[in-house]
Amino acid sequence: MAKDRRLVPQSERYARWGWLFVSPWIIGFICFTLGPMLASLYLSLTRYDGRNAPVFIGLDNFKTLFHDPKVWNSLKVTFKFAFMSVPLGIISGFLLACLLNTKLKLVNFWRTLFYLPAMISGVVIAMLWRGLFDDQYGIINYLLRSIGLNGPKWLNDPKYTLYCFLFLTVWGCGGGMIIYLSGLQSIPTSLYEAAELDGCNRFRKLIHITIPQMTPILFFQLIMGIIGAFQFFSEPMILTKGGPADSTMFYNLYLYNNAFKYQSMGFASALAWVLFVIILILTMLVFRSSELWVFYESEVKK
């Protein structure tokens, strides 16, 4: 038997060890990701309240979904938020990283300070900003009253509620800042030295060196930003619960309400699959567009 084992090709032995080491992830993926996804696909074709046995109804949930005005309103709110928050988060994180990539005093302290919000959970952030945005006792309106201005009802006025969540996007840009900072520090300094010899100022170096070299990271952040915006949930759940007048009824929040508030698990599963398809389509579009604007240093164009 020992002789037979020695006859096994080395590549095959390596493959066996590889499958052995990756098997915990495969088992976890099947049990905790693929399995629940297939279960939700089946439940999306049923009428299920979480207590009684599911009743198969075919595509009725999807038909109801496309005729539900609240679904379209939640999509409108989510798309509007994503359209504003994703570019805002990318730009603010990138500019902050550029600032903290310079030789500032106490630069490590400032990097840590701006990164701290990324380490706080969404529930804690929501409770913190509730104290800031409260129209009577909030710090923001207190400061406005101190200079003779009447602050708006931030979380109770449909004109301002969505913009409150945009403030949260900018305030939490420290997570992206760290990723941008690592990318900025990996850019070869020889490129900047050559640009200085050619007489380039800071703006030209930013446009012609920094941004092209950072496009792979910008591409990654764009993908993650889109996914995060369409899964936005904790903050509106804590702060507004979808109000006022459904102005902050994000798609994910409406999905949650159907699943756990209205006990309509089948309909919520259909909503989840529509969300999956929307994110998949947007991600594929970004991937297709990456050929036009993402630069990889290892690529050699023929």
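Would you check which residues across segment 41-79 are surrounded by 13 or more Cβ atoms within 10 Å (Cβ to Cβ), among the charged types (D, E, K, R) and part of a helix (DSSP H, G or I) and list them?
Within segment 41-79, 60, 70, 76 meet the criteria.
Among the numbered criteria (1) more than 30 Å from residue 138 (Cβ to Cβ); (2) modelled with pLDDT under 95; (3) exposed (fewer than 14 other Cβ atoms within 10 Å of the Cβ), which single criterion is violated by residue 241?
(1)
With the requirement that a residue be polar (S, T, N, Q) and loosely packed, with under 11 Cβ neighbours inside 10 Å, what does segment 101-121 give you?
The answer is 102, 108, 121.
So, of the residues in segment 169-180 that are buried (at least 20 other Cβ atoms within 10 Å of the Cβ) and not small (Gly, Ala, Ser), which turns out to be modelled with the lowest pLDDT?
Looking at the filtered set, the residue picked out is 169.
State which residue pairs qualify: first residue exposed (fewer than 11 other Cβ atoms within 10 Å of the Cβ) and inside segment 146-159, second residue of a type in the set (A, V, I, L, M, F, W, C) and assigned to a loop (DSSP other than H, G, I, E, B) in any location, beta carbons under 9 Å apart, and separation of 6 or more residues or different chains.
Listed by first residue and then by second, the contacts come to nothing, as the list is empty.
Conditions: (1) surrounded by fewer than 16 Cβ atoms within 10 Å (Cβ to Cβ); (2) free of Cβ contacts under 8 Å to residues at least 60 places away in the same chain; (3) within 28 Å of residue 277 (Cβ to Cβ); (4) of a type outside the set (S, T, N, Q). Residue 216 meets all but one. Number of the miss?
Single failed check for residue 216: (2).
Among the residues of segment 122-145, what is the count of those that are of a type in the set (S, T, N, Q) and either closer than 22 Å to residue 249 by Cβ or surrounded by 11 or more Cβ atoms within 10 Å (Cβ to Cβ) (or both)?
Residues meeting the conditions: 1.
Name the pairs: first residue in segment 245-257 and under 11 Å from residue 268 (Cβ atoms), second residue of a type in the set (Asp, Glu), Cβ to Cβ under 9 Å, at least 6 apart or on different chains?
254/246
The values are calculated or read from the model by the stated rules, or taken from the named source; none is laboratory data. Keep in mind it's a predicted model, so treat the numbers as computed, not measured. When we count neighbours, we look across all protein chains shown, and the Cβ atoms used for this are built from the backbone with ideal geometry, even at glycine.
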